[in-house]
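Novice: Quick one: the structure is below, questions incoming.
The values are calculated or read from the model by the stated rules, or taken from the named source; none is laboratory data. Values in this document were obtained by computation on a predicted structure and should not be read as measured data. For neighbour counting, all protein chains shown are included, and Cβ atoms are generated from backbone atoms with ideal geometry for every residue, glycine included.
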Amino acid sequence: MSDVQTDRAVDDGQDTVWVQEVAFIDSVPRWAAMTFVFVVFIGVWQLVTSLGIVSPIILPTPWETLEDMIFVGQNLLTGGYMLGALWITIKEVIYGFALAIAIGFSLGVLVGETAFGEKAVMPYLVAIDTMPKVAFAPLFVAWLGFGIESKVALAAFIATFPIVVGTAAGLHSADENARMLFKTMGASRWQTLIKMKLPTGLPQIFTGLKIGAVGVMAGAITGEFLGGGRGFGELIRVAASQLNTPRVFSLILYLSLVGLALYALVTWTQRKVVFWHKERVGAYDG
Amino acid sequence: MTAALVHDYAGAPIGAPVYELSNVSKTYARNLVVALQDVNLTLRKGSFTSVIGSSGCGKSTLLKIMAGLIPPTKGRVVLQGKPVTGPRRDIGMMFQQATLFPWKTAAENIVLPIEIRDGKAAAKKALDKAHELMELVGLKGFENVFPNELSGGMAQRTSICRMLITEPAVLLLDEPFSALDELSRDMMNMELQRICREQEATAFLVTHSIQEAVILSDEIVVMKPRPGRIAEVVKVDLPRPRTLHMMTTHEFGEIVDYIRGMLDKGEDM
């Protein structure tokens, strides 16, 4: 639509020729634009630290951070103690996500498919969802101890609700015509659910799964901050208490790779399963 | 045309009553609105009937009752000698939207009614028949295409095949082409006429377009609202097969005018 405004008229005396001008950003490939932002970010970071505007205890230089990342990377690759910690956190994330999917999907079908669920269960789910869920962490520790279980519980607890909402919304997304069509074909309630409502709702269900995948990561790390244990979150907490900020930064970056991998896995699965549904890059809403 | 085609799927000769409604009334319990009052209607084998009327005249209620989707409050609804008490496989239905499912190919969408009623194995066996039907509606070569790649008209042709796959005795058409542009709509109406003739189908069409009703129908049921009831059944004596060219004839215009006059009177009430 900007084409209309940027087109330029050139009159050669006989005809008016409209020259189409392509906006500069449209001619730049995505990787180049992303690299540009990255370079600017690192540049500003370097400037702020080398000019001494921010104390190195608060913000390490990019170089220090990179050095520490290499150190941490070596430790991870050689099977050092950090790998063990990372593995614990990954297990918490995987178990938490699996649990959230199982519970979230079941509850989503309950509130999305049954009138009872929508009338009687949904209000409670909404009420719990509005609570600050992180505040439940001490309870989970008290109930399940300082081991991996309390972190799994918190991770699942946080990730469940978006999956419930996504599933319920997905089941509601089938239109009136599709419902009527299935009725005229004499489809049972089960058939209608399996063959029509669930496939129709898959885009929303995956939206819920993606939000859940982000939440499960936050849940696991928060659980480790508040409930101890021997995961990656504990390494971060210890590094922070020692004012080892380069370590904190590099640990966070590695941790975000785990989150990114989980998110990418969900997105990849969505592309394979919901092949008919085209989606914008990085969009939450389908 | 072979002798076998003269008889329909149930063996009734052409012109025999297929669908009979007698004294059908419907009152909605929620607000006590009388949606239909004493509707008497007979659809004969191989005939094309349209129902037309302003909104609130009960035509969609009538269609739902005929499809077995909702029960009437009183009255008898009999299809092929058996009372309609719920959705049946000898009733084919088509809606304004094609309502194809994007995760199934065109052919898989067509055999969906078989899949629902008889299971996946039966649906697979019916694929050959789906391909034949697609050829009938001019969709040969699109069997394995997903609905996203079909145009609006092609999608509606696919949904025609889905309606025909169970060999229904009656076709209930709920404004099937009103979502299409006018050119495609005229073309699809002619297609529909050809398909109905070749299949010896008994068709019942709900429409908002008087022209569409006249060009397609043998009989037009004009309904009036509050309470929903049949005002008159208008016979259309134009020769068959109908062509779009007939829409410019004097006889066509007369029938259209007559029906429009009746509908206008209905608005005053």
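Novice: Sort out for me the strands (runs of 3 or more DSSP E) sitting completely within segment B:14-92 that have 3 or more residues that are over 21 Å from B:Asp218 (Cβ atoms).
Specialist: Here the list reads B:17-27, B:34-44, B:74-79.
Novice: Return the only residue of A:Gly186, A:Gly229 being at positive phi, in contact (Cβ under 8 Å) with a residue 40 or more places away in the chain, of a type outside the set (Ser, Thr, Tyr) and not in a helix (DSSP H, G or I). Walk me through it before giving the result.
Specialist: Working: A:Gly186 fails: in contact (Cβ under 8 Å) with a residue 40 or more places away in the chain.
The unique qualifying residue is A:Gly229.
Novice: Hey, among the residues in segment A:8-48 that are in contact with an Asp or Glu (Cβ under 7 Å, 6 or more places away or on another chain) and among the charged types (D, E, K, R), which one's nearest to A:Leu59 (Cα to Cα)?
Specialist: A:Glu21
Novice: Shifting gears a bit: Would you say A:Val54 is farther than 20 Å from A:Arg247 by Cβ and of a type in the set (A, V, I, L, M)?
Specialist: Values: farther than 20 Å from A:Arg247 by Cβ: no; of a type in the set (A, V, I, L, M): yes.
So A:Val54 does not fit the description; no.
Novice: Now for a different question. Looking only at segment B:84-106, which residues are under 14 Å from the mean Cα position of the chain (by Cα) and aliphatic (A, V, I, L, M)?
Specialist: B:Ile91, B:Met93, B:Met94, B:Ala98
Novice: When the residues of segment B:156-181 are filtered to those that are more than 12 Å from every other protein chain (Cβ to nearest Cβ), farther than 23 Å from B:Gln211 by Cα and part of a helix (DSSP H, G or I), which remaining residue is nearest to the chain's Cα centre (by Cα)?
Specialist: B:Leu164
Novice: Tell me yes or no: at least one residue of segment B:173-185 is in the same structural domain as B:Gln211 (by TED's automatic domain parsing), touching a helix residue (DSSP H, G or I) at 6+ places or on another chain (Cβ under 8 Å), of a type in the set (Ser, Thr, Tyr) and on the phi < 0 side of the Ramachandran plot.
Specialist: Yes, segment B:173-185 contains at least one residue that is in the same structural domain as B:Gln211 (by TED's automatic domain parsing), touching a helix residue (DSSP H, G or I) at 6+ places or on another chain (Cβ under 8 Å), of a type in the set (Ser, Thr, Tyr) and on the phi < 0 side of the Ramachandran plot.
Novice: Let me ask something additional. So A:Leu99 ticks every box in (1) closer than 30 Å to A:His172 by Cβ; (2) surrounded by fewer than 18 Cβ atoms within 10 Å (Cβ to Cβ); (3) in contact (Cβ under 8 Å) with a residue 24 or more places away in the chain; (4) not charged (D, E, K, R) but one. Which box is left unticked?
Specialist: (2)
Novice: From the list A:Pro199, A:Pro246, exactly one residue is modelled with pLDDT of 90 or more, buried (at least 17 other Cβ atoms within 10 Å of the Cβ) and within 14 Å of another protein chain (Cβ to nearest Cβ). Which is it?
Specialist: After applying the criteria, what remains is A:Pro199.
Novice: Here's something else I'd like to know. Can you pull out the residues in segment B:161-188 that are out of contact with any strand residue (DSSP E or B) (no Cβ under 9 Å at 6 or more places or on another chain) and at pLDDT 90 or above?
Specialist: B:Cys161, the sole residue that qualifies.
Novice: Let me ask something else about it. Considering only segment B:115-138, state which residues are at pLDDT 90 or above and assigned to a loop (DSSP other than H, G, I, E, B).
Specialist: Listed by number, the residues that qualify are B:Gly119, B:Ala126.
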